[in-house]
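Derivation of every value follows stated rules applied to the coordinates shown; laboratory data play no part. Model, not experiment: these values are computed from the prediction. With ideal geometry, Cβ positions are generated from the backbone for all residues, glycine too; neighbour counts draw on all protein chains shown.
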Amino acid sequence: MNQVRNVVIIGSGPAGLTAAIYTARANLAPVVLEGEPSSTTDQPGGQLMLTTEVENYPGFVDGITGPELMATMRAQAARFGAELVVEKATRVDFSCRPFKIWADSDPEPTYQALSVIISTGARSLMLGLDAEERLMGRGLSTCATCDGFFHRGSHIAVVGGGDSAMEEALFLTKFAESVTVIHRRDQLRASKIMQERAFKNDKIRFLWNSRVVDLLGESALEGAVVKDVTSGATSTLDVTGLFVAIGHRPNTDLFRDVLDMDDAGYLVTRPGSTYTSVEGVFAAGDVQDHTYRQAVTAAGTGCMAAIDAERWLEAHGDAPDDIAETPTEW
Amino acid sequence: MAPITLTDASFDEEIGSADTAIIVDFWAEWCGPCKTIAPVLDEIAEEQAGKLRVGKVNVDDSPEVARRFEVMSIPTLIVFKDGQPKKRLVGAKGKGQLMSELSEFL
């Protein structure tokens, strides 16, 4: 039987890696299940791996790219001895301690843990159209930073009205001839600064009160069928690229019927803490936050989860003898 | 065997003369998911030496090859055998999933 870990961290975005830094510095020898490579936000490093400039993470005067920020956090966690593995949790059993986590299809659990920190984040929502599978990577994209390059001089569109959609639209103007933002309401949800930047950009135009109802093209995207939600009329928008940024849903399928979650699938934590409905299991970052969803709030709750786990282990007499107390004052 | 760098200039010759299947990774420095699969491809190149080669096309440096194979999203992985494209995988994937996609060429 494999060794029982003090703490297993599932997920490697800002929440998971901050929890790793703190628990590693507390001599808890954490293991981080980073997840598996993918082209959605459900991948090692999380949502920031698909963003460009991060301008609001404190400490970087001139901004930093998402992937760079995550590489830095990862290196910092590794520096203190956190074990980082490119594996994805496939099943968990939290019914008794030690908790069991599988990262493969073996009958024996891959990891056993005295405590678990869940920081699996959220993934981008897709449109839910049949044509999506056919055209994914053939004009339809979940990653503007990956695929913008291939749309030089083209007419393309972004679906969504939040900060992510504005960021993608602005980024894509570097390549595209025009970027149409398709939004289902008559005003944006994005922050004021992002709205202003988008409105000021000559290459961006807006299609309000509109939803994408179908995609055209067999082996490459040729257009999007757009429905005006007020009049019900449909029209075709000639675009060869379509980028989807319509929001997120939490990555909590693994924890259904295991941990308490709200109607939208976010893990429920005890107010003011990272405690979930199972003693010894903590949640941090976007997986339990549908309000703020920032890199810095994820990192903040990751730190909280590490401290909660550490104190919980101590209180239950499970902590190793050389546990290092997290300083309460610096 | 380490992955080989393929360019607009060398692509046809390298693919034509390969005596095994070769999986070509279309990538770029600015693509996050490309970075996460790079170590996976390095491992596959080592482990499958003699059976499968790994080639890398940097789409910034070699836009012609990328255009010719209609790459519109990276990472895109195309498996070539006997000089012909046989399979195309779009998007980053974990090693397990990648190996099962590649099993027919091993």
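Restricting attention to region B:25-106, lysine pairs at least eight places apart or on different chains and with alpha-carbon atoms under 18 angstrom apart total 13. Secondary structure note: in the protein assembly as shown, about 45% of the DSSP beta bridges are antiparallel. Based on Cα contacts under 8 Å between residues 6+ apart, region B:1-91 shows a relative contact order of 41 percent.
Within region A:25-108, the proportion of Cα pairs with more than 16 Å between them is 64 percent. When Rg and the Kirkwood Rh are both derived from Cα coordinates, the Rg/Rh ratio for region A:128-247 amounts to 0.93. Between the helical axis of A:295-315 and the dominant principal axis of chain A, each derived from Cα atoms, what acute angle in degrees is found, rounded to the nearest 10? Its long axis makes an angle of about 20 degrees.
Helix A:163-172 and the longest principal axis of the C-alpha atoms of chain A enclose an angle of approximately 60°.
Across every pair of different alpha-carbon atoms, what Kirkwood hydrodynamic radius in Å does region A:175-309 reach?
Taking the inverse mean of 1/r over all distinct Cα pairs, region A:175-309 comes out at 18.1 Å.
Taking only the Cα atoms of chain A, the radius of gyration and Dmax are 21.4, 69 Å. Each of B:TRP27, A:TRP102 was scored by other Cβ atoms within 10 Å of its Cβ. Arranged with the fewest first, they read A:TRP102, B:TRP27.
Among B:LEU52, B:LEU77, B:LEU89, the largest mean-square fluctuation in a Gaussian network model of chain B, built with springs joining Cα atoms closer than 10 Å, belongs to B:LEU89.
Among residues other than B:PHE105 whose Cβ falls under 12 Å from its Cβ, what is the net charge (Lys/Arg +1, Asp/Glu -1)? Net charge in that neighbourhood comes out at +2.
Of the trypsin sites (Lys or Arg not before Pro) in region A:205-290, the ones in a loop by DSSP (not H, G, I, E or B) with at most 12 other beta carbons within 10 Å are A:ARG256.
Overall shape: oblate for region A:175-223, with the ratio a/c of the largest to smallest alpha carbon gyration tensor axis at 1.5 or above and b/c at least equal to a/b. Counting beta carbons within 10 Å around each of B:LEU41, A:LEU129 and listing the fewest first gives the order A:LEU129, B:LEU41.
Taking the Cα centre of region B:23-79 as origin and assigning +1 to Lys and Arg Cβ atoms and -1 to Asp and Glu Cβ atoms, the resulting dipole is close to 180 debye. Between A:SER231 and A:ASP130, the C-beta separation translates, for a Förster distance of 30 Å, into a calculated FRET efficiency of about 0.75.
Each of A:VAL159, A:GLY217, A:GLN187 was placed along the dipole of region A:159-232 (beta-carbon charges, centred on the mean Cα), and the one lying farthest toward the positive end is A:GLN187.
Which one, A:THR234, A:SER273, A:THR41, is farthest towards the positive end of the dipole of the protein assembly as shown when Lys and Arg carry +1 and Asp and Glu -1 on their Cβ? Value: A:THR234. Around the Cα centre of the protein assembly as shown, unit charges on the Cβ atoms of Lys, Arg, Asp and Glu (plus for the first two, minus for the last two) sum to a dipole of about 860 debye. Could you tell me how many degrees, from 0 to 90 and to the nearest 10, lie between the Cα long axis of helix A:66-79 and the main elongation axis, the longest principal axis, of the Cα atoms of chain A? With both axes taken from Cα atoms, the answer is about 10 degrees.
Cα centroid distance between region A:150-184 and region B:1-79, in Å? Comparing the Cα centres of region A:150-184 and region B:1-79, I get a distance of 28 Å.
Taking every alpha-carbon pair under 8 Å whose residues sit at least 6 apart, chain A reaches a relative contact order of 21 percent.
Positive-end ranking of B:GLY96, B:THR7, B:GLN48 along the dipole of chain B, with charges on Cβ about the Cα centre, is headed by B:GLY96. For the pair region A:1-80 / region A:232-260, the C-alpha centres are spaced 24 Å from each other.
Which whole-angstrom value gives the distance between the alpha carbon centres of region A:84-98 and region A:275-319? So the separation of the two Cα centres works out to 16 Å.
Under a Gaussian network description of chain A, with springs only between Cα atoms under 10 Å, the residue in A:VAL31, A:VAL225, A:VAL268 that fluctuates furthest is A:VAL225.
By the Stokes-Einstein formula, at 0.890 mPa s and 25 °C, chain B with its Kirkwood radius over alpha-carbon pairs has D equal to 182 µm²/s.
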